[in-house]
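Here's the structure, in structure tokens; my notes come after.
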Amino acid sequence: MSTSPASVEEISDPYQGLTSREREPDTRTCQSSVLVVFEDICPNHLDQLAEQHGFSSEAIIATILDQQEKGHQYPRRENPKKRKRGDDKDDAPGQTGKNDIKSKLDDPEYVLRMRTQTYQHFATTLISQDFPKVPVNTIKNMLNTSASLFQAYTTIDDSIRRWDDNNPPWKNKRSMSKILDQYTPDNISTLQMDLLGPVERDAISEFMAAREVRNGKNAKLAEEAEEVSNLERSRMLGEMAECGCCFDDCPINRMVHCEGDTVHWFCRGCAKQQAETIIGYSKYKLTCMSMDNCEAGFSISQRKKFLDNKLQTALDRNEQAEVLREAGIENLETCPFCPFAMEYPTVEENKEFRCANPECEVVSCRLCRKETHIPKTCDEAKLEEGHSARHTIEEAMSEAVIRKCNKCSNPFIKQDGCNKITCTRCRTIQCYVCRQTVKDYSHFNDTSRGGKEGQCPLFDATEERHQNEVRRAEEEMRQKVAQENPDVDNVFLEFKVSEKVKEDDQKRKERD
């Protein structure tokens with residue numbers, strides 16, 4: 001290596017200019033910053049370095065780089081149990097995050113498992129635990145309409161939040177449903193999931209994820225109410241100040257200030273927005289935003305008031321990247337999927353980067369910064385992604401037209417006749433429009449057969465329905481695929497029908 005890393009003395013002290021109280025070591029922040037670069041360092045060794053260097057993460061990193069230049073490696077901790085990338089570390093046994101649940105609901109096989117009576121009955125019981133006054137029939141109807149516990153739960157919760165006494169969505173029961181101890185928030189996480197069947201486990205996962213969404217909404221409402229109350233108290237007590245950036249009047253206890261000789265106050269929103277802008281420019285230093293050329297920064301305690309974990313991590317990464325650049329390490333390569341970086345051969349010698357972070361270990365292409373596609377070129381991989389994305393849209397278009405029996409999953413497509421369909425295999429009756437299982441004609445809008453106006457049509461133009469369903473499915477899936485694959489050329493996602501096909505289609509319509 002032609003250029004040596006920066007020595008410890010060349011790294012500035014991050015606590016320079018602060019008072020003795022402000023120089024109190026922030027162990028967690030220091031260690032988090034070092035772990036961004038050296039994730040496998042021994043914790044005890046890191047503690048020793050932190051004490052030696054006054055909890056300066058920059059000095060610690062420079063020291064480790066100096067030692068590596070001399071051939072001395074830092075002590076490493078024992079490898080933790082490896083997890084696959086994308087695993088949710090915080091999920092409790094039997095619990096699945098809301099993002100995972102939404103992914104499951106897009107899986108046709110998973111949706112079929114939810115069509116069973118076992119699932120419907122168990123889902124009704126679980127939803128009744130949190131909404132004991134909602135009629136059971138209402139819950140069942142929600143399940144039939146939404147086709148999942150998670151969606152039915154959130155729909156009921158949203159309906160209650162928007163409740164209008166003049167136009168209630170349902171009439172509450174006089175007596176509440178029985179609350180079962182094993183499904184209360186305190187006890188449900190202790191259930192022995194291995195004793196339950198797969199359908200029950202799926203339902204409980206959805207139930208816990210739906211509760212998480214509901215708790216998040218409740219917490220947000222409580223926070224908003226507290227902010228309104230705090231604003232009123234501050235105005236009454238005269239504890240308001242003007243933000244030096246947006247010039248709005250804010251409660252002082254909701255503001256942050258710089259550490260200059262003349263203190264400048266700012267609302268947390270402006271301070272956070274500045275941090276986001278700094279991160280966008282790949283920088284990390286946060287300074288005063290006042291108009292009088294104050295260049296002071298913010299103390300660690302003040303930064304904690306407007307920086308969440310995500311922003312702090314991003315700033316730490318930018319800071320460590322700057323430290324590494326200043327260290328002058330040649331051929332430094334970083335992982336696109338985690339903060340890990342290491343010295344690596346040139347791209348001409350090795351086009352793949354094998355991340356050595358035990359929590360990641362993703363092999364990536366150093367040219368396009370995506371997961372490896374070697375021996376294919378980047379262009380060939382991009383082309384393959386386009387074909388895969390197009391195939392996904394085609395499957396969604398086919399799925400929009402093809403119905404499946406709610407009981408035996410026998411696929412079918414109606415050509416003509418009414419929308420009351422009987423399965424040729426198991427004789428289950430269901431509606432071709434909404435795909436629900438029905439008993440008789442009372443489900444439809446034919447009043448002469450027991451139905452009501454406004455319900456699903458008994459007769460309609462089947463071909464027109466198919467065309468609308470296909471068009472809607474194509475558009476929705478194209479938007480989803482485009483969001484998930486921003487690098488795929490839109491040309492791959494377009495479906496063009498030849499003039500010959502259009503002519504044949506028109507002739508067929510005229511014959512019909």
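The values are calculated or read from the model by the stated rules, or taken from the named source; none is laboratory data. These figures come from a predicted structure and were not determined experimentally. Because the Cβ atoms are built from the backbone with ideal geometry, glycine has one as well, and the counts that use them run over all protein chains shown. Quick note on the areas: whole protein, heavy atoms, side chains included, nothing else; ligands and nucleic acids left out. Shrake-Rupley method; radii C 1.70, N 1.55, O 1.52, S 1.80 Å.
A few remarks follow.
- Cα centroid separation, region 221-291 to region 143-194 (Å): 39 Å
- A straight chain from Asn445 to Phe459 at 0.36 nm per residue would run longer than the Cα-Cα distance by 4.1 nm.
- Using the 1.4 Å probe convention, the accessible area of region 132-180 works out to 63 Å² per residue with neighbouring protein chains retained.
- As a length-normalised measure over Cα pairs under 8 Å and 6 or more apart, the relative contact order of region 249-322 settles at 32 percent.
- Computed FRET value (nearest 0.05) for Glu476 with Glu322, which takes r as the C-beta separation and R₀ as 41 Å: 0.45
- Fully extending the segment from Val213 to Lys140 would add 24.2 nm, taking 0.36 nm per residue of separation and subtracting the current Cα-Cα distance.
- Largest-first ordering by accessible area, 1.4 Å probe, given options Cys434, Cys42: Cys434, Cys42
- Rg ratio (alpha-carbon, reference 2.2 N^0.38 Å) - region 237-320: 1.07
- When Lys304, Lys272 are compared by accessible surface with a 1.4 Å probe, the order from highest to lowest is Lys304, Lys272.
- Applying 1/(1 + (r/R0)^6) with r as the Cβ-Cβ distance of Asp416 and Glu352 and R0 = 60 angstrom yields a FRET efficiency of 0.60.
- Long-range HN-HN contacts of Trp265 with modeled amide H, under 5 Å: Gly244
- Evaluated at q = 0.20, 0.23, 0.25, 0.30 Å⁻¹: base-10 log I(q)/I(0), Debye formula over Cα of region 329-386: -0.72, -0.90, -1.01, -1.25
- Surface accessible to a 1.4 Å probe, per residue, for the residues of region 282-368, Å²: 53 Å²
- Amide H partners (placed H, <5 Å) of Arg76, local residues excluded: Cys42
- Cα centre as origin, Lys/Arg/Asp/Glu Cβ charges: region 329-386 dipole, Debye: 120 debye
- Accessible area (Å², 1.4 Å probe, nearest 10) - Glu361: 80 Å²
- With both labels modelled 7 Å from their Cα along Cα-to-Cβ, the Val401 to Asp194 distance reads 4.8 nm.
- By accessible area with a 1.4 Å probe, ligands and nucleic acids excluded, highest first: order of Lys452, Lys310, Lys351, Lys404: Lys310, Lys452, Lys351, Lys404
- Computed 3J(HN,Hα) for region 279-287, one whole-Hz value per residue from the Karplus formula 6.51 cos²θ - 1.76 cosθ + 1.60 where θ = phi - 60°, is 4, x, 8, 6, 10, 9, 7, 9, 10, glycine and proline marked x.
- Working from label points 7 Å from Cα in the Cα-to-Cβ sense, the Leu231 to Thr277 distance is 2.3 nm.
- Cβ-derived FRET efficiency at R0 22 Å, Lys310 paired with Lys370, nearest 0.05: 0.45
- Pairs from Lys133/Lys171; Lys285/Lys310; Lys283/Lys310; Lys102/Lys140; Lys420/Lys452; Lys102/Lys171 whose Cα-Cα separation, in the structure shown, is over 18 Å: Lys102/Lys140; Lys102/Lys171
- Counting only heavy atoms of the protein chains and using a 1.4 Å probe, Phe298 has close to 20 Å² of accessible surface.
- A 1.4 Å probe, protein heavy atoms only, puts the accessible area of Ser282 near 70 Å².
- Portion, in percent, of the accessible area of region 329-386 that falls on carbon or sulfur, probe 1.4 Å: 49 percent
- Only protein atoms count toward the accessible area here, which uses a 1.4 Å probe; on region 95-221, the carbon and sulfur part of that area reaches 47 percent.
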